[in-house]
Amino acid sequence: MILPNDFDFTQGNLQDFVDCPYRFYLRYILRTTWPALVVDQALEFEQRGQAGGRFHRLVQQYLLGVPEARISALAAEDPLPDLGAWWEDFLTYVPPWLGGQRWVETTLTTTLAGQRLVAKYDLILSGEDGSLTIFDWKTAQRAPGKAHLLERMQTRLYRLMLVQASPTFFGGIPAAPAQIAMNYWFATHPENSVSLPYSQAAYEQDQEDLTRLVEVVCSATREDFVRTDDHKKCRYCVYRSHCDRGVAAGDLEGYDLLDEDTDSLETLPAFEDLPEIEF
Ligand code: SF4
């Protein structure tokens, strides 16, 4: 195995491997930094990314009980005008869904194929009816459809890990996959939230596929980390000039920011600080 000793699997690095094994190799094994823009509107890209982080913090404070008026004042003063609109739409659309016990910014860890996996959730809601609902806030410009979201590593890993961790939320009693759903809410498309209920069949498929995926990554040699054949994946990849896949960055409009505000390596807490959920 050529993975670093301190390596943890996350939805982000698994998605990188699925999108392009060579990108995974450069980013997580060689830890190569490359001086290229992800999109051609670098300043706007950076501003939107930072505003997404601020929006997540506002929502976190709201869910933890900070008075709405104080948060609204912060949102109104934000340097990116979009953020004030995201916040207003959040207050319009989301609070009616928030009945139940809240688990805000919760990190779960587990093992699969003998490897550590880490997932950070914006919100988990446990309902009196036995439901467990994952909420994920997105500030990307584009709101992808259900089919795309179902394929994402984030959806597959987060729902699977919550099944495994469910006894923690219900006094030691495990939840069935059918009690779990993952909801995406898009600040830029507030009326188009997507709910993805889980099932026993999907859970078994995820368990099989993700176990195999982790085993493939762990057993890969240098030669196995090949460049993707899908050149569309290179358009927004910082390594494209290194790979001779073009030098011009893609445009911001087309960039899929889905994972930029979730579990980047910088935002994950140190592994030793986390409770590990065994399965
Ligand atoms: S530029 Fe393309 S081939 Fe190279 S690492 Fe990025 S996605 Fe992979």
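The values are calculated or read from the model by the stated rules, or taken from the named source; none is laboratory data. This is a predicted model, so every value here is computed, not measured. Note: ideal-geometry Cβ built from the backbone for every residue, glycine included; neighbour counts use all protein chains shown. Just the protein is used for accessible areas: all its heavy atoms, side chains included, with ligands, DNA and RNA removed. Shrake-Rupley method; radii C 1.70, N 1.55, O 1.52, S 1.80 Å.
Evaluate the following for Leu108: is it surrounded by fewer than 17 Cβ atoms within 10 Å (Cβ to Cβ), under 15 Å from the mean Cα position of the chain (by Cα) and in contact (Cβ under 8 Å) with a residue 24 or more places away in the chain? Judged against the criteria, Leu108 is not a match.
Evaluate the following for Glu223: is it modelled with pLDDT of 90 or more and farther than 27 Å from Leu26 by Cβ? So Glu223 does not fit the description; no. The set of residues in the range 228-243 that are within 6 Å of the ligand (Cβ to nearest atom) and either without any contact (Cβ under 8 Å) to a residue 40 or more places away in the chain or assigned to a helix (DSSP H, G or I) (or both) comprises Lys233, Cys234.
Listed here are the residues, each with its yes/no results for (1) at pLDDT below 95; (2) open to solvent by 40 Å² or more (accessible area, probe 1.4 Å); (3) small (Gly, Ala, Ser); (4) farther than 29 Å from Val216 by Cβ.
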| residue | (1), (2), (3), (4) |
| --- | --- |
| Leu58 | no, no, no, yes |
| Asp89 | no, yes, no, yes |
| Leu117 | no, no, no, no |
| Gly127 | yes, no, yes, yes |
| Ile134 | no, no, no, no |
| Lys138 | yes, no, no, no |
| Gln141 | yes, yes, no, yes |
| Gln154 | no, no, no, no |
